[in-house]
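First up is the structure itself, then whatever we jot down about it.
Here, each number is a calculation from the coordinates, and none is a lab measurement. This structure is a prediction, so every number in the text was calculated from the model and none was measured. Here the Cβ is made from the backbone with ideal geometry for all residues, glycine too, and neighbour counts use every protein chain on show.
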Amino acid sequence: MTYKRSIIITGGAGFIGNHVVRLFVNKYPEYKIINLDKLTYAGNLANLKDIEDKPNYRFVKKDICDFEGVYKLMQDEHVDGIIHLAAESHVDRSIKDPFTFAQTNVMGTLSLLQAAKLYWETLPEKWEGKRFYHISTDEVYGALELTHPQGIEPPFSTKASSGEHHLAYGDKFFTEDLKYQPHSPYSAAKASSDHFVRAFHDTYGMPTVVTNCSNNYGPYQFPEKLIPLFINNIRHRKPLPVYGKGENVRDWLYVVDHARAIDLIFHEGKVAETYNIGGFNEWKNIDLIKVLINTVDRLLGRPEGADMDLITYVTDRAGHDMRYAIDSTKLQKELGWEPSLQFEEGIEKTVRWYLDNQEWMDNVTSGDYQKYYEDMYKNR
Ligand code: NAD
Ligand code: DAU
């Protein structure tokens with residue numbers, strides 16, 4: 001079959017990537033979707049069980065740093081679009097091992113850019129109909145101050161932020177024109193990769209687009225990150241390690257709403273533009289953790305709040321950014337995107353998903369998930 005488009009999605013076996021792959025494979029049967037993933041500890045093909053046999057889906061185990069391999073894949077598959085999510089993504093790991101973050105996030109992105117450039121430049125139509133879409137993070141902007149510790153009414157409102165909890169904890173927000181001020185090795189590496197993507201547009205004319213999103217939550221997130229780690233710990237009545245005083249603020253977006261934004265921007269975003277993605281949904285860590293405890297307790301039939309004593313304050317993360325808050329007005333106004341879920345609904349769905357998918361969690365925490373790939377390909 002001849003496909004209308006041939007798109008590589010990198011990091012498709014990871015948390016956000018699997019939702020993007022699923023959305024594209026199901027919504028666009030006329031597109032060939034190639035999931036290129038190295039399957040690091042964060043990549044889990046079991047996340048894609050439901051679509052792995054679809055005719056328009058192909059998985060390729062490959063490192064984005066393998067420039068020649070990526071170039072050949074692009075040639076073989078006549079690739080005209082790249083949606084680049086593959087990265088080392090956990091801040092705490094970046095503090096212990098910055099080299100891996102520079103290698104994957106910077107050199108890996110450069111390798112993809114260069115492979116795409118060399119391949120697309122050989123084609124008669126060159127850049128026409130091509131797109132290199134780089135997925136980045138709000139952390140590149142640095143940290144905002146907590147100027148209103150009790151919270152104030154936010155200056156913006158969206159469908160998802162209309163509930164009473166959605167206060168803003170400062171006057172400033174991350175807008176697309178802010179200068180980059182990354183603090184962690186993770187965000188420094190992401191910032192560097194963003195600069196390379198823009199440089200490929202400005203220098204060679206590559207049709208690029210960059211988006212910077214706030215914290216995602218939802219199914220299939222690796223349980224080193226706050227929400228899945230804490231849900232699992234509450235279930236098993238294990239301590240909840242809260243960094244510092246738990247006062248840091250994060251801006252949470254349901255992962256499927258991020259995937260919807262990626263779909264929209266891949267198709268309709270303007271070349272060389274940056275769009276911030278977020279739902280104006282700020283939470284202090286400690287308040288969010290209390291919601292998680294109450295929700296897990298309720299869904300497990302325990303008295304609500306019974307597990308509050310699991311909260312354990314521990315040494316703060318080095319260089320811990322105080323507050324993230326995305327202003328996504330540009331995306332909402334120019335492309336008409338808005339989050340589909342209220343936070344209360346999203347968090348309930350998410351807790352329920354982790355509780356209902358204990359087998360997935362056990363496979364990840366035991367390391368068994370890494371055998372899924374071998375088993376899957378053994379008989380093919
Ligand atoms: P994740 O850690 O869950 O998944 C990363 C995926 O990339 C894994 O499947 C892993 O195997 C793959 N990968 C890593 N190194 C690779 C390499 N060298 N070659 C090929 N594949 C490789 O990450 P995530 O949370 O899904 O984040 C995806 C992207 O979105 C990242 O670029 C991240 O910076 C960005 N982002 C994440 C969030 C968030 O809240 N999780 C928010 C904003 C932006
Ligand atoms: O803002 C977008 C970013 O969000 C993404 O770019 C990153 O890839 C993603 O990991 C996430 O980064 P954070 O560092 O904000 O996420 P994390 O889940 O690690 O932590 C959320 C907050 O909770 C943060 O303030 C640190 C705190 N925390 C985290 C863990 C794992 C704790 O207090 N205890 C913990 O055990």
Taking a crude spin-label model, label points 7 Å out from Cα along the C-beta direction, the Tyr180 to His148 distance in nm is 3.1
Using amide H atoms built in the peptide plane, which far-off residues or other-chain residues are under 5 Å from Cys213 H to H?
Ser136, Thr137, Asp138, Ile277
Rounded to the nearest 20 Debye, what is the dipole magnitude of region 195-245 about its Cα centre when Lys and Arg each give +1 and Asp and Glu each give -1 at the C-beta?
420
Quick check: residue separation of Asp362 and Lys172 times 0.36 nm, minus the Cα distance between them. What number comes out in nm?
64.3 nm
By average C-beta atoms within 10 angstrom, highest first, the peptides 352-360, 187-195
187-195, 352-360
What ranking of Ile152, Ile95, Ile7 emerges when the number of other C-beta atoms within 10 Å of each C-beta is taken as an exposure proxy, fewest first?
Ile152, Ile95, Ile7
Extended-chain gain in nm, criterion 0.36 nm per residue less alpha-carbon gap, Ala318 and Glu344
6.3 nm
Compute the helix-to-body angle for 185-204: its Cα long axis versus the longest principal axis of the chain, expressed 0 to 90° and rounded to tens.
30
Hey, what angle do you get for helix 255-268 against the long axis of the chain, alpha-carbon based, 0 to 90 degrees rounded to 10?
30
The chain: most fluctuating residue of Pro124, Pro339, Pro98 per GNM, C-alpha cutoff 10 Å
Pro124
Computed magnitude of the charge dipole of the chain (debye, nearest 20; Cβ of K, R +1, Cβ of D, E -1):
660
How high is the relative contact order of the chain? Use alpha-carbon pairs under 8 Å, at least six apart in sequence, and give a whole percent.
18
Structure-based [θ]222 nm, the chain - -39500 (n - 2.57) summed over DSSP H runs of at least 4, per residue, nearest 500
-11500 deg cm²/dmol
Sort 308-314, 345-351 by packing, meaning the average of other beta carbons within 10 Å per residue, with the highest value first.
345-351, 308-314
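Rounded to the nearest 5, what is the percent of antiparallel bridges among the DSSP beta bridges in the chain?
Around 10 percent of the beta bridges assigned by DSSP in the chain are antiparallel ones.
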